[in-house]
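Shown next, in structure tokens, is the structure this report addresses.
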Amino acid sequence: MCNSVPHIDNSTLFHFAVFYRIIMLAELQNTPLFSSLDAKQLEQLCSAMSIIDLPAHSHLFHQGEQAEHFFLVRTGQIKLYLVSSSGQEKIIEIIQAGQTFAEALMFMKQANAYPVNAETLQDTQLLRFSSQVFLQILRDSSETCFNVMGTLSRRLHGLITEIDNLSLQNATYRVVHFLTQQLPAETDEEQHIILPVSKQTLALRLSITPETLSRILKNLSKSGIVSVKGKNLTIHQPQQLRNYGMTDL
């Protein structure tokens, strides 16, 4: 006997669609870039929004492609990277779930192409937004525009700080700084963390070799500060880890 497929009436589908849209709008409202938008502006933004599902290790876009959209990662991770003339990959940023990217390009008149490549590190779902629609929202409201500029400025400041750390500090400092960023502020209790990416990807992000990363983690383990088991780390002494980063320069 064949199993019958349950019938879903139009009323049920309508209420489901309304519920899903409410959830989507709430999700966008909690995203820093969109937090200053009112309900009407969010509806306008969603009018030109689409959902993209990509399997792991798929490209969303390549360097030089037309930059007409920006994105929000709902689930998964996106790697933004460049490839040097010698074929060496340099990771610019790892975009986590809940973060937006490529939005700054819409404010740069000369930047009509993506300056980096974007690849999924795992199965990923994204929301794709029209840059022109978002710009129109900002043109219509100077208050919203200034709030968004503030959000982008804070993100830019964070990226500049990270570039300073990568270019001016040694390998040990970079690893320790990354680990301490994964901890609650000012805690001195033992903490368990899971690396958000593979060790190889993390090494590329920190501009060090995988061998150097393994050596630094091994030294931290010998010091009794950290225990490492695959991507799972136990930080036994958070404050000593912070001090290690400051003294081992």
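The values are calculated or read from the model by the stated rules, or taken from the named source; none is laboratory data. The model shown is predicted, which means the values in this text are computed figures rather than measured ones. Every residue, glycine as well, gets a Cβ built from its backbone with ideal geometry; the counts of neighbours run over all protein chains shown.
Side notes on the structure shown:
- Scope region 178-201; condition loosely packed, with under 13 Cβ neighbours inside 10 Å, more than 15 Å from SER214 (Cβ to Cβ) and under 18 Å from the mean Cα position of the chain (by Cα); matching residues: GLN181, ILE194
- Residue pairs whose Cβ atoms lie under 6 Å apart, sitting 6 or more positions apart in sequence or on different chains, and linking a residue in region 12-35 that is surrounded by 14 or more Cβ atoms within 10 Å (Cβ to Cβ) to a partner that is at pLDDT 55 or above and not in a helix (DSSP H, G or I), are LEU33/THR100.
- Hey, LEU220 surrounded by 14 or more Cβ atoms within 10 Å (Cβ to Cβ), in contact (Cβ under 8 Å) with a residue 12 or more places away in the chain and closer than 13 Å to PHE178 by Cα or not: no
For (1) at pLDDT 90 or above; (2) among the charged types (D, E, K, R); (3) more than 16 Å from the chain's Cα centre (by Cα); (4) over 22 Å from ALA67 (Cβ atoms), each residue gets a yes or a no:
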{"site": "LEU135", "(1), (2), (3), (4)": "yes, no, yes, no"}
{"site": "ARG139", "(1), (2), (3), (4)": "yes, yes, yes, no"}
{"site": "SER153", "(1), (2), (3), (4)": "no, no, yes, no"}
{"site": "GLN169", "(1), (2), (3), (4)": "no, no, yes, yes"}
{"site": "LEU206", "(1), (2), (3), (4)": "no, no, no, yes"}
{"site": "THR209", "(1), (2), (3), (4)": "no, no, yes, yes"}
{"site": "SER214", "(1), (2), (3), (4)": "yes, no, yes, yes"}
{"site": "LEU220", "(1), (2), (3), (4)": "yes, no, yes, yes"}
{"site": "ILE225", "(1), (2), (3), (4)": "yes, no, yes, yes"}
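- Test result for VAL73, modelled with pLDDT of 90 or more and in contact with a Phe, Trp or Tyr (Cβ under 9 Å, 6 or more places away or on another chain): yes
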